[in-house]
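Worksheet for the structure shown next.
Here, each number is a calculation from the coordinates, and none is a lab measurement. This one's a predicted model, so the numbers in the text were calculated from it and none came from an experiment. Ideal geometry is used to build each Cβ from the backbone, glycine not excepted, and the neighbour counts take in all protein chains shown.
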Amino acid sequence: MRKKIASPFVVLCLVLAFFAFISCSKEYSYEGGPITIGPPPVRDSPILPTFDPGALAGCSLCPQLDTANKFYWSFKTGNAQLCGLIDTAILNLERNTFTFFGPSVCASDSGLIFSVALGSTILSSDVYNQNAANAVFYYYKTNAPFVLISRSSQPFQLTISSYIYATKIAVGTFSGFGYRADGRAVEVKNGRFKIKLL
């Protein structure tokens with residue numbers, strides 16, 4: 001028994017039908033008309049942080065904190081004062097970077113952490129009125145992401161008012177903006193610290 005093969009005419013019709021079908025698909029192109037050149041597109045303005053007019057909950061024990069005989073930190077947000085005792089202050093081997101931290105006197109599950117880089121300044125002698133090249137600020141609450149954290153786009157200002165090499169005690173000030181987890185900025189002002197760098 002012989003198989004019937006489609007005639008060349010039928011094959012040609014099928015090929016032409018196939019090409020006619022795919023050539024009907026819509027092409028998107030510019031089809032004439034005047035071209036207008038207008039002003040350049042306006043760039044979006046930079047997104048500025050949303051400032052938080054409120055303050056963190058203050059600590060009623062801060063006005064009574066004995067700063068003369070203790071190593072401490074304190075700062076304000078709005079009119080609320082927060083403060084704590086420094087339990088750790090570590091200077092690196094090159095003596096140009098240090099970290100200090102300690103809990104709040106009102107809530108032991110919250111506290112402050114600072115990491116400070118002095119740049120070319122080395123704490124190998126007495127130092128006065130020295131601004132830090134970089135200071136990273138954290139105000140934390142245990143088992144929470146963080147309460148406030150500084151950003152490199154708005155560096156924290158930290159100044160060593162005095163560092164006495166013989167006693168290893170540094171006293172200074174700080175200020176800047178800390179950011180909440182949702183991005184709101186909170187002004188941290190009137191910051192003060194007294195630490196012994198080991």
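Under the convention that each Lys and Arg Cβ holds +1 and each Asp and Glu Cβ holds -1, the size of the dipole of the range 62-196 around its Cα centre is about 140 debye. In this simple spin-label approximation, Gln157 and Lys189 carry label points 7 Å from Cα along the Cα→Cβ vector, and these lie 1.2 nm apart.
Each 5 Å bin from zero up to the one holding the largest Cα-Cα distance in the range 139-190 carries the following percent of pairs: 5, 17, 21, 18, 14, 12, 8, 3, 1.
I want the local charge near Phe146. Using Cβ-Cβ distances under 14 Å, sum +1 for each Lys or Arg and -1 for each Asp or Glu among the other residues. Spelling it out: positives minus negatives among the neighbours equals +2. If R0 is taken as 30 Å, the Cβ-Cβ distance between Asp182 and Ala80 corresponds to a FRET efficiency of 0.95. With all pairs of separate Cα atoms included, the range 62-196 yields a Kirkwood hydrodynamic radius of 15.0 Å. Here the extension length gained between Arg95 and Ser60 equals 9.0 nm, from 0.36 nm per residue of separation less the Cα-Cα distance.
Taking 7 Å steps out from each Cα toward its Cβ at Ser115 and Asn129 produces label points 3.1 nm apart. Computed extension gain for Asp87 through Asn143, at 0.36 nm per residue and net of the alpha carbon distance, reaches 18.2 nm.
Peptides 93-100, 186-193, ordered by how many other C-beta atoms sit within 10 Å of their residues on average, highest first, read 186-193, 93-100.
Note: relative contact order over the range 62-196, using C-alpha pairs below 8 Å and six or more positions apart, is 21 percent. The residues packed around Tyr72, meaning those with a beta-carbon under 12 Å from its beta-carbon, carry a net charge of +2 if Lys and Arg are +1 and Asp and Glu are -1.
Measuring how big the range 89-155 is from its alpha-carbon positions, Rg and Dmax come out at 13.8, 40 Å. With neighbour counts taken as other beta-carbon atoms within 10 Å, the residues Cys59, Cys83 rank, fewest first, as Cys59, Cys83.
The slack between Lys70 and Ala107, meaning 0.36 nm per residue of separation minus the straight C-alpha distance, is 11.5 nm. Which links in Lys76/Lys196; Lys70/Lys196; Lys141/Lys194; Lys70/Lys168; Lys168/Lys194 stretch past 18 Å when you go from one Cα to the other? From Lys76/Lys196; Lys70/Lys196; Lys141/Lys194; Lys70/Lys168; Lys168/Lys194, over 18 Å: Lys76/Lys196; Lys141/Lys194.
Charge tally for Phe174 (other residues, Cβ to Cβ under 13 Å; Lys, Arg +1; Asp, Glu -1): +3.
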